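Asker: Quick one: structure below, then a few questions.
No lab work stands behind these numbers, since they all come straight from the coordinates. Worth saying up front: this structure is predicted, and the values here are computed from it rather than measured. A quick note on method: Cβ atoms are made from the backbone with ideal geometry, for glycine too, and the neighbour counts reach across all protein chains shown.
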């Protein structure tokens with residue numbers, strides 16, 4: 001399962017890098033495979049561990065905010081792994097070149 005999520009504290013201003021760093025620390029310590037990108041974080045693993053982690057991250061931000069918006073997108077493909085980088089590599093093969101990073 002690949003899951004993209006983002007957590008936004010409402011009313012905390014336009015710069016959220018401090019909150020992103022707090023969440024990323026929790027994600028990094030979880031041992032779940034992840035990749036940070038400019039609009040959120042992609043996780044790869046099983047349902048139970050991923051949603052336990054997202055809940056922990058959500059609650060961390062909610063602790064210091066009156067309102068939090070958490071967005072979750074799920075791509076669940078039975079028996080498939082290595083999809084965080086694999087999906088990008090598949091597109092690159094079809095293009096015949098590497099995508100810019």
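Asker: Among what's in region 69-89 and is surrounded by 11 or more Cβ atoms within 10 Å (Cβ to Cβ) and out of contact with any strand residue (DSSP E or B) (no Cβ under 9 Å at 6 or more places or on another chain), pick the residue that is nearest to residue 8 (Cα to Cα).
Answerer: Restricting to residues being surrounded by 11 or more Cβ atoms within 10 Å (Cβ to Cβ) and out of contact with any strand residue (DSSP E or B) (no Cβ under 9 Å at 6 or more places or on another chain), the top hit is 88.
Asker: Cβ-Cβ under 7 Å, sequence separation 6+ or interchain: first residue in region 68-82 and in contact (Cβ under 8 Å) with a residue 12 or more places away in the chain, partner exposed (fewer than 11 other Cβ atoms within 10 Å of the Cβ) and part of a loop (DSSP other than H, G, I, E, B). Which pairs?
Answerer: If the second residue must be exposed (fewer than 11 other Cβ atoms within 10 Å of the Cβ) and part of a loop (DSSP other than H, G, I, E, B), the pairs left are 68/10; 69/10.
Asker: Take region 40-68 and flag every residue that is buried (at least 19 other Cβ atoms within 10 Å of the Cβ) and assigned to a helix (DSSP H, G or I).
Answerer: Within region 40-68, 50, 53, 54, 57, 61 meet the criteria.
Asker: Looking at region 10-23, I want the residues that are free of Cβ contacts under 8 Å to residues at least 60 places away in the same chain and at negative phi and have a partner that is crowded, with 16+ Cβ neighbours inside 10 Å and part of a helix (DSSP H, G or I) with Cβ atoms under 8 Å, at least 6 apart or on another chain. Which pairs are those?
Answerer: Sorted first by the residue in region 10-23, then by its partner, the pairs are 12/19; 19/61; 22/60; 22/61; 23/57; 23/60; 23/61.
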